[in-house]
Amino acid sequence: MLDVHGFCKALQRIEIDHFCGVPDSLLKNFLNGLSNEKSVQNLICANEGSAVAYASGIYAASGKIAAVYLQNSGLGNCVNPLVSLTSKDVYSIPCLLIIGWRGEPNTKDEPQHVFQGKITTQLLDLLKIPYSILAPDTDETELNEIIDRANEWFILNKTPYCILVKKDSFIGDRGNHVSAVETVSGFASREEALSIILNEFENSLFVATTGKTSREVFEIRTLNGQKTDDFLMVGSMGHALSFAAGAASFRGDKQVVCLDGDGSLLMHMGASPVTALSGLTGLIHVVLNNAAHESVGGQPTCANEINFEKFASALGYRAFFQAKSPVDLKKYLPVCAEEAKSGVVMLEVIIPLGSRENLSRPTTTPRENLESFSQKFND
């Protein structure tokens, strides 16, 4: 396994000291170490495509090559700028892609990563992006050889090069964690807030965003002996609201509740005004805000700096409410339901950072989950 400090030093040898990207759980040790590197600059972006564009701007202004980190599922968000901005046939802009290889063939991973893992190298080949693989047994000599290959590619071709990172390639330090902004909340946990919402809207249709939110929803249902018929978006980060809006357009008399996260909302924020101004009714957009990408390591988002009340008003939401405590939440939920009869409502719930260590994962398959949600939708 490699030390993050040594990795950054190796990149600085070819003058790469700017980083940007979207956090990934497989790259958690790397990002934890990166947060403590004083000699580099790092920006956590809203989505992976934006990160490629940001890195391209750095190169255009300074001639410096930047590193873009992401999970391989984020390659989809990158395709547009990779083929229409950095491509040799367009602007020919180099950047170093550092990609966490979830769903690597012959390894066990979650369902949403399996297909992406199989096609990751094929996608890179199709995009004509050469790659080297970083593995747990990669040593310092091999790392420097990879860096040299990347640098040679940059000089000769001026297009992206990729380092594909296998699980456990970077050394972890238990005392070395990314520090997210701590939110001031009256809730003991996100689970407490979710339990109140699920109980209040017992007959509603729920769409839960990817990560720990979906896992907690499933666990709450299981522990309470309830049907696990909420839609759990195990992948497709940033698309929970659009999915919920599509469902809401055929909801009948059922209320639809989208359980979103701040990082997910930021990733595809354009879905908010489109949904809010669509004329839909019966849809409540719940934003669980802990100002962090908690599911992949707790890296901070900029959500603590956003005035979501002004955001919701400007983008056309029917109404906005903010709950900072269980008392607030219980007071506003019935009001949200009433207001949603006339348009899309946003409810921001300020929650603390953190989740249980023994949090389980859904025991149903994605297809079983879809079938149970669809059945409830049509009951």
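The values are calculated or read from the model by the stated rules, or taken from the named source; none is laboratory data. Predicted model, so just to flag it, every value in this text is computed and none were measured. All Cβ positions, even for glycine, are placed from backbone atoms using ideal geometry, and neighbour counts span all protein chains on display. Areas reflect the complete protein model, heavy atoms only, side chains present, ligands, DNA and RNA absent. Shrake-Rupley method; radii C 1.70, N 1.55, O 1.52, S 1.80 Å.
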The extension gain from GLU338 to TYR91, computed as 0.36 nm times the residue separation minus the Cα-Cα distance, is 83.7 nm
Expressed as a percent, the accessible surface of segment 211-306 that is carbon or sulfur, using a 1.4 Å probe and the full set of protein chains, is 58 percent
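Per 0.36 nm of contour for each residue apart, how much would the distance between LYS324 and LEU156 grow if the chain were fully extended, relative to their Cα-Cα spacing?
55.0 nm
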To the nearest Å, what is the center-to-center distance of segment 1-44 and segment 312-336, using C-alpha atoms only? 39 Å
Counting only trypsin sites (Lys or Arg not before Pro) that sit in a DSSP loop (anything but H, G, I, E, B) with at most 15 other Cβ atoms within 10 Å, what is the longest stretch of the chain containing none of them? 228-340
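Just how large is the dipole of segment 1-127 about the Cα centre, in debye to the nearest 20, putting +1 at every Lys and Arg Cβ and -1 at every Asp and Glu Cβ?
140 debye
Please give the per residue accessible area of segment 70-228, computed with a probe of 1.4 Å over protein heavy atoms only, in Å².
50 Å²
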With a 1.4 Å probe and all protein chains left in place, how much of the accessible area of segment 1-142 comes from carbon and sulfur atoms, in whole percent? 51 percent
With a probe of 1.4 Å, find how much accessible area segment 259-349 has per residue, and write the answer as a whole number in Å². 37 Å²
With Cα coordinates, the longest principal axis of the chain makes an angle with the long axis of helix 111-126, in degrees rounded to 10, of 40 degrees
The chain: antiparallel DSSP beta bridges as a percent of all, rounded to 5: 5 percent
In straight Cα distance, which lysines are under 18 Å from LYS88, not counting same-chain residues fewer than 8 positions off? LYS64, LYS128, LYS158
Extended-chain gain in nm, criterion 0.36 nm per residue less alpha-carbon gap, ASN203 and GLU371: 58.8 nm
